[in-house]
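Rule-based calculations on the coordinates, nothing more; no lab input. Note that the structure is predicted; figures quoted are calculated from it, not measured. When we count neighbours, we look across all protein chains shown, and the Cβ atoms used for this are built from the backbone with ideal geometry, even at glycine.
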Amino acid sequence: MQPYIRSALVIIGLLLLQTTFLPFIALGGFLPDLFILYLVIIALQRGQIEATVSGFITGLLQDIMTTHFFGLAALSKTVAGFTAGYFYNENTAEQTLGSYRYVLLVGLCSLIHNLIYFVIFFQGTSGFVFISTLEYAIGTTLYTCLLGVLPMFYFSRKYNTPWAQ
């Protein structure tokens, strides 16, 4: 039961950071998604089912806080958690978390999440939906990957693995 309590506290902390602090470090209107970083960690450590459920819960909490298109973040984060779970291997979890593969997986999951989210979010707006979707999806993905380097270095030092492997 202890890992679930710890996960709940981490999710609440990330929710507070995502909604209060991160808007101050936005670059060009792009915000990193801390939940994607956490979902990839959960997927690599615990597997696909827990990452999918965590994605749904974090997305639902994010939907409750933002009140835009209720259920959209839950859908996109569920798919991102499900995708990240494909890379679960209990024998190589520490090596993956402490290497560049973690950042690549964050990039893949973030891109999938952002494409789903922004394709639906921009429906009904005037202008080029495809171009706006690509712009926001790629910008947010790159910013999330940039922040994903920090947990990679943390796990690299924690598990004593070289980060470039």
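What to note about this one:
- GNM top mover of ALA137, ALA74, ALA26 - the chain, alpha-carbon springs below 10 Å: ALA26
- Mean ellipticity per residue at 222 nm, deg cm²/dmol - from DSSP H runs of n ≥ 4 across the chain, formula -39500 (n - 2.57): -24000 deg cm²/dmol
- Among the GluC sites (Glu not before Pro) in the range 30-99, those located in a DSSP loop and surrounded by at most 13 other Cβ atoms within 10 Å of their own Cβ are GLU90.
- Site pair ILE120 and ARG101 shows an inter-label distance of 3.1 nm when each label is modelled 7 Å from Cα along Cα→Cβ.
- Converting the Cα gyration tensor eigenvalues of the range 1-95 into ellipsoid dimensions via √(5λ) gives semi-axes, longest first, of 23, 14, 14 Å.
- Note on the chain: GNM, Cα springs under 10 Å; of LEU142, LEU72, LEU104, the largest mean-square fluctuation is that of LEU104.
- For the range 17-50, applying the loop criterion from DSSP together with a ceiling of 11 other beta carbons within 10 Å to the chymotrypsin sites (Phe, Trp or Tyr not before Pro) yields no site.
- Set of the range 100-137 residues, backbone N closer than 15 Å to the point 7 Å along the Cα-Cβ line of LEU27: 107, 136-137
- Choice from GLY59, GLY13, GLY139 with maximal GNM fluctuation in the chain (Cα, 10 Å cutoff): GLY13
- For the chain, convex hull of alpha carbons as volume per residue, Å³: 113
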